[in-house]
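A quick write-up on the structure given underneath.
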Amino acid sequence: MNIPEILVANGTGAVLVSFLLLLRVRGESKNSVGTALFCRILVVTLLAQATETISFLLDGVPGAASRFWLYLTNTVCTGATVCVDYAWCLYVDFRVYRSIGRLRRRHMLLGAPLLALLVLLVANLFGTGWIFSISADNAYHRGPLNILLYLLLFSYYAESVWQVHKARRDGITVEFFPVYYFVVTCAVGTLLQGAFYGMAFGWLSVAIAFVFVDSQTRSLRGYTDELSGLFGRKYMNYCLDRIHATQEKDVYGIMMDVNCFKEINDTYGHAEGDRAIQEIGRILSGALAANSVAIRMSGDEFMVLIRHGSEKLLDEICTAIERRVQHYNETAPAGSFQLSFSTGVAKYEGGSVEKFLVELDQRMYAEKRAFHAARDGHAAPEQGNAPSI
């Protein structure tokens, strides 16, 4: 076992991961789900690097204390390995779809095999030797079910690639999401680690992969809105350009304008106005369905774009938004601001996307006029096709 190589490899990996963690903590919104998830992945990676290094240093060292720490560190490191790849799948899913609701639905499905492996690891602590064993001379040996670890890792790699491939096929994500940067780099490191025990390829490859991912995701910032956590107008233009180029069918839009947003800023202050935008981001993210994205177009204007949709799906998303707005208003602290939207919905019928946007805009502002007329006690003008939410 090459201890100097292990110390250099895992030490280098730890420095890279710590640097990325510092950049994320200091440089990005603390309210971003994607940032929070990525930071947790980095923390678990640091834990795994530390426990793997300790396990290598103690391998073959006699004594009951060494045996105890060998079991503990190898168990933690093995569990952390799968947790990182599980969390990577969730991170990819969120970065692609920007939907908290979808994330909640998928984490149980993706977490089921992880939970099964963790149960095996706990059983392994009682001497079953299923995943690994520690011999009488305190040497680590892989168990008969250790292959399940590698199968699960590569299943998570494949799942993340499939999600991005499916999203690209459906036109949901931008073209250069860095899933292959992570998967290929980590897969090579995993195979080398499996083939040459005693060499620390695995976590160094993970650290390098995260550097690649961070570099590429920073280039995507122009497509996202940091305050709301949603996609931004540039991403909307990207999607609409593709829709126009392919004359895609079954595309629906929901355009929303926050009612009385200026009053929120004037009454509660701009800090609360920012919090309102963040709450709206969470509301819309939680209401999304498959093949839909939420976009902050400008200050208090938002859009949900549904591709490969239907009237039924459109109604379901509108209802989900309405329910989440109602839930927020009912549970908000006393004296806090209340939220509502004026909305316009339309279907893209081919041709110019500008016509599609104008139709959405006109219907939304018809609802806006109706909202203010009703609030001011005047007769409401003829409304558009969707009530204020």
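Count, please, the residues in the stretch 358-367 that happen to be surrounded by fewer than 20 Cβ atoms within 10 Å (Cβ to Cβ) and touching a residue at least 40 places away in the same chain (Cβ under 8 Å). Steps first, answer last, please.
Of all residues in the stretch 358-367, those surrounded by fewer than 20 Cβ atoms within 10 Å (Cβ to Cβ) come to 358, 361-362, 365-366.
Adding the requirement that they be touching a residue at least 40 places away in the same chain (Cβ under 8 Å) leaves 361, 365.
Matching residues across the stretch 358-367 total 2.
Residue 268 satisfies every condition listed in (1) surrounded by fewer than 16 Cβ atoms within 10 Å (Cβ to Cβ); (2) among the hydroxyl-bearing types (Ser, Thr, Tyr); (3) under 18 Å from residue 98 (Cβ atoms) except (3). In the stretch 69-92, the condition of being among the acidic types (Asp, Glu), outside the structural domain of residue 320 (by TED's automatic domain parsing) and within 21 Å of residue 215 (Cα to Cα) is met by at least one residue. Residues that are part of a helix (DSSP H, G or I), buried (at least 19 other Cβ atoms within 10 Å of the Cβ) and modelled with pLDDT under 80 do occur in the stretch 164-186. Looking only at residues in the stretch 95-109 that are of a type outside the set (D, E, K, R) and surrounded by fewer than 18 Cβ atoms within 10 Å (Cβ to Cβ), the one that is modelled with the lowest pLDDT is 101.
Out of the residues in the stretch 196-216 meeting the condition of being among the hydroxyl-bearing types (Ser, Thr, Tyr) and either out of contact with any Pro (no Cβ under 9 Å at 6 or more places or on another chain) or not assigned by TED's automatic domain parsing to the domain that holds residue 47 (or both), tell me which one is surrounded by the fewest Cβ atoms within 10 Å (Cβ to Cβ). Steps first, answer last, please.
The initial filter retains those residues of the stretch 196-216 that are among the hydroxyl-bearing types (Ser, Thr, Tyr), namely 197, 205, 215.
Keeping just the survivors that are either out of contact with any Pro (no Cβ under 9 Å at 6 or more places or on another chain) or not assigned by TED's automatic domain parsing to the domain that holds residue 47 (or both) gives 197, 205.
Values: 197: 12, 205: 23.
Ranking the candidates gives 197 first.
Pairing residues of the stretch 130-147 that are outside the structural domain of residue 62 (by TED's automatic domain parsing) and buried (at least 16 other Cβ atoms within 10 Å of the Cβ) with residues that are assigned to a loop (DSSP other than H, G, I, E, B) and of a type outside the set (Lys, Arg), at Cβ distances under 9 Å and at least 6 apart in sequence or on separate chains, gives no pairs at all.
Within the set 321, 317, the sole residue that is closer than 27 Å to residue 270 by Cα and surrounded by 20 or more Cβ atoms within 10 Å (Cβ to Cβ) turns out to be 321.
Considering only the stretch 190-215, state which residues are touching a Gly at 6+ places or on another chain (Cβ under 7 Å) and either among the charged types (D, E, K, R) or under 19 Å from residue 95 (Cβ atoms) (or both). Walk me through how you get there before you give the answer.
Filtering the stretch 190-215 for residues touching a Gly at 6+ places or on another chain (Cβ under 7 Å) gives 190, 193, 201-207.
Listed by number, the list holds a single entry, 206.
The values are calculated or read from the model by the stated rules, or taken from the named source; none is laboratory data. These numbers were taken from a predicted model, which means no experiment stands behind them. Every residue, glycine as well, gets a Cβ built from its backbone with ideal geometry; the counts of neighbours run over all protein chains shown.
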